[in-house]
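The values are calculated or read from the model by the stated rules, or taken from the named source; none is laboratory data. These figures come from a predicted structure and were not determined experimentally. Every residue, glycine as well, gets a Cβ built from its backbone with ideal geometry; the counts of neighbours run over all protein chains shown.
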Amino acid sequence: MNNDFQSVCDKLTSMSTEDSNSRNSFGGDAPAGDAGVSQQIRDIAEVPAVEVITTGAVHLMSAAAVKVGLADDPNAEDLKDLDEARKLITALAGLVSAAAPEIGSQHAGPLRDGLRSLQLAFREASIIPDAPGKGPGEKFTGPVN
């Protein structure tokens, strides 16, 4: 399961273009003062919506994977928190479902695959599994088996 999830994450992160990776769009050091804020606004304005959406989805997906216990870390079990994972997976499912028509199947397909992998991992990690259709995000995606 962890390898499937990792391959989906690898596909998603490789979908960024070389040009967009060279810009300081979200996390670089910004110049100080009003000029810095203006530059940040221009930088964000240059980022295509599909990239903002997929980046947000990948962050949700990564956080959910850690909370489900899929972290590639010796302390992965200590980081597991299924209550938090449920919230993250449900938010991811809502985002993917709402954004899919806007971002196209090229981007939505890998997001759906990653979401499904997380939903299945959540089901496996749960001591008492949710009823079909009642798991995290399943109100948006339908039952996952």
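Name every residue in the range 68-126 that is within 15 Å of G137 (Cα to Cα) and basic (K, R), in order of residue number.
R86, K87, R112, R116, R123
State whether the residues of the range 40-62 include one that is within 18 Å of E124 (Cβ to Cβ) and at pLDDT 95 or above.
yes
Return yes when D72 is in a loop (DSSP other than H, G, I, E, B) and at pLDDT 85 or above and no when it is not.
Yes.
Restricting to the range 57-81, count the residues that are small (G, A, S) and under 12 Å from the mean Cα position of the chain (by Cα).
Going through the range 57-81 one residue at a time, the tally reaches 5.
Give the residue that is nearest to L60 (Cα to Cα), with candidates limited to residues of the range 80-131 that are in contact with a Pro (Cβ under 8 Å, 6 or more places away or on another chain) and of a type in the set (V, I, T).
Once the filter is applied, the top-ranked residue is I89.
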